[in-house]
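Colleague: For reference, the structure I am asking about is given below.
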Amino acid sequence: MALLRMRNPQGPNATEIEKKIKRGNALRQGSAWRGFLGTRWFLVLVLVVVMMSGGAMWLYISLDSEVTETLVSRGEVVSPHPRIYSVPCSEDYDNHQRYPGCTPQKCGRAVIDSVVTREEAQTLRRLAERGLALAGSDGGASILDLHSGALSMGKQFVNIYKYFGEQIGEVFTHEDFQLYKDVRGRIQAVIAETFGLDPALMFLTKPTFFSRINSTIAKTQHDEYWHPHIDKVTYGSFDYTSLLYLSDYGSDFTGGRFIFMDPNGNRTVEPRAGRVSFFSSGTENLHRVEKVSWGTRYAITVSFTCDPAHAILDPAMP
């Protein structure tokens, strides 16, 4: 396991970094998933997670810095056990209630290719394609949230279950939702095993969603998916984040790599259909997604919390 050490957050560029991040946040704070439900968590589009803590501002300046290390390439197959990269836990968790058996005691990031088969990934991609074919963003980033019903439509969002009504039965099947639930359970299990957790004390949380990203120019702030962010800082409830990739880097799309932004360089995971990448959600895993330059990138973000008050249920056919 590679151990990455955090450095002192003070430095000559810290003030300038903070100014840049705050200026970007001020421009994007008005982003919201509007048009339905009205719950507070929709105040920031999940694809534009940009709020950062002051302690993380120092980590990196440029969004265009080159990748210095590829943790896992597209051509590799990580099986049967995950490849684990340990990083020291940040202080984020000290600002939240601790839940024994779940709150991170060790932090890091991991990748595995044997939890979800490529055939299952293809089935889930077809599910996403059918759902997103009903609408989609005017820009390059669209989301489909089967839990809340959020679906990108033009420059806003609609509730897919209310907007399309009985037509949903022609788009999705009970088998689709069962596969989604089964895959979620397997992802939860491998995260628990890797980090030494009790899976019964982990809970699915929002936002958990399908994403489709292409090279279309962003039309609104909702389409700006490439900004660096920290899941725990942005959402509070997040303790573990995972991504299940449904398409292949280099053949289905270029760009779109997931990048961990560390003090001593950028480290990337290249997407591969069926690959699960997961990590502790604190400042130790500041990250971003490269702009997609060609093709279409499909993925599912699946998020977990230790706080039962923020738990959500698996989606079900209405």
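The values are calculated or read from the model by the stated rules, or taken from the named source; none is laboratory data. All values reported here derive from a predicted model rather than from experimental measurement. In this analysis, Cβ positions are derived from the backbone assuming ideal geometry, glycine residues included, and neighbour counts consider all displayed protein chains. Side chains included, ligands, DNA and RNA excluded: accessible areas come from the protein's heavy atoms. Shrake-Rupley method; radii C 1.70, N 1.55, O 1.52, S 1.80 Å.
Colleague: Could you pull out the residue among 210, 238, 177 that is at pLDDT 95 or above and buried (at least 19 other Cβ atoms within 10 Å of the Cβ)? Please lay out each step first, then the result.
Modeller: Numbers: 238 fails: at pLDDT 95 or above; 177 fails: buried (at least 19 other Cβ atoms within 10 Å of the Cβ).
On inspection, the qualifying residue turns out to be 210.
Colleague: Any chance you could count how many residues in the stretch 293-318 are part of a loop (DSSP other than H, G, I, E, B) and out of contact with any His (no Cβ under 9 Å at 6 or more places or on another chain)?
Modeller: 2
Colleague: Now for a different question. Name every residue in the stretch 243-252 that is surrounded by 22 or more Cβ atoms within 10 Å (Cβ to Cβ) and either of a type in the set (Gly, Ala, Ser) or in a loop (DSSP other than H, G, I, E, B) (or both), in order of residue number.
Modeller: 246, 247
Colleague: For the stretch 253-269, which positions are outside any strand (DSSP E or B) and under 13 Å from residue 291 (Cα atoms)?
Modeller: Answer for the stretch 253-269, where residues must be outside any strand (DSSP E or B) and under 13 Å from residue 291 (Cα atoms): 256, 257.
Colleague: A further question on this structure: Could you check the stretch 270-292 and list, in sequence order, the residues that are assigned to a strand (DSSP E or B) and within 13 Å of the chain's Cα centre (by Cα)?
Modeller: Scanning the stretch 270-292 gives 276, 277, 278, 279, 280, 287, 288, 289.
Colleague: So, in the stretch 119-138, of the ones that are of a type in the set (Lys, Arg) and closer than 26 Å to residue 78 by Cβ, which residue ends up surrounded by the fewest Cβ atoms within 10 Å (Cβ to Cβ)?
Modeller: Ranking the candidates gives 126 first.
Colleague: Now for a different question. Give the residues of the stretch 139-157 that are among the hydroxyl-bearing types (Ser, Thr, Tyr) and open to solvent by less than 10 Å² (accessible area, probe 1.4 Å), sorted by residue number.
Modeller: Residues satisfying the conditions are 142, 152.
Colleague: If I go through the stretch 84-118 residue by residue, how many of them are out of contact with any Gly (no Cβ under 8 Å at 6 or more places or on another chain), surrounded by fewer than 21 Cβ atoms within 10 Å (Cβ to Cβ) and within 24 Å of residue 253 (Cα to Cα)?
Modeller: 1
Let's see how each residue does on (1) closer than 22 Å to residue 139 by Cα; (2) surrounded by fewer than 19 Cβ atoms within 10 Å (Cβ to Cβ):
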| position | (1), (2) |
| --- | --- |
| 262 | no, no |
| 274 | no, no |
| 279 | no, no |
| 285 | no, no |
| 292 | yes, no |
| 304 | no, no |
| 309 | no, yes |
| 315 | no, no |
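Colleague: Which one of these is within 14 Å of residue 315 (Cα to Cα) and out of contact with any helix residue (DSSP H, G or I) (no Cβ under 6 Å at 6 or more places or on another chain): 245, 163, 180?
Modeller: 180
Colleague: Is it the case that residue 219 is more than 28 Å from residue 317 (Cα to Cα) and at pLDDT below 95?
Modeller: It is true that residue 219 is more than 28 Å from residue 317 (Cα to Cα) and at pLDDT below 95.
Colleague: Looking only at residues that are in contact with a strand residue (DSSP E or B) (Cβ under 8 Å, 6 or more places away or on another chain) and under 24 Å from residue 160 (Cα atoms) in the stretch 181-197, which one is surrounded by the fewest Cβ atoms within 10 Å (Cβ to Cβ)?
Modeller: 184
Colleague: For the stretch 199-222, which residues satisfy the criterion of being within 13 Å of the chain's Cα centre (by Cα) and basic (Lys, Arg)?
Modeller: Correct list: 206, 212.
Colleague: Among the residues of the stretch 290-317, which ones are out of contact with any Asp or Glu (no Cβ under 9 Å at 6 or more places or on another chain) and not β-branched (Val, Ile, Thr)?
Modeller: 290, 291, 293, 294, 299, 308, 309, 310, 311, 313, 314, 316
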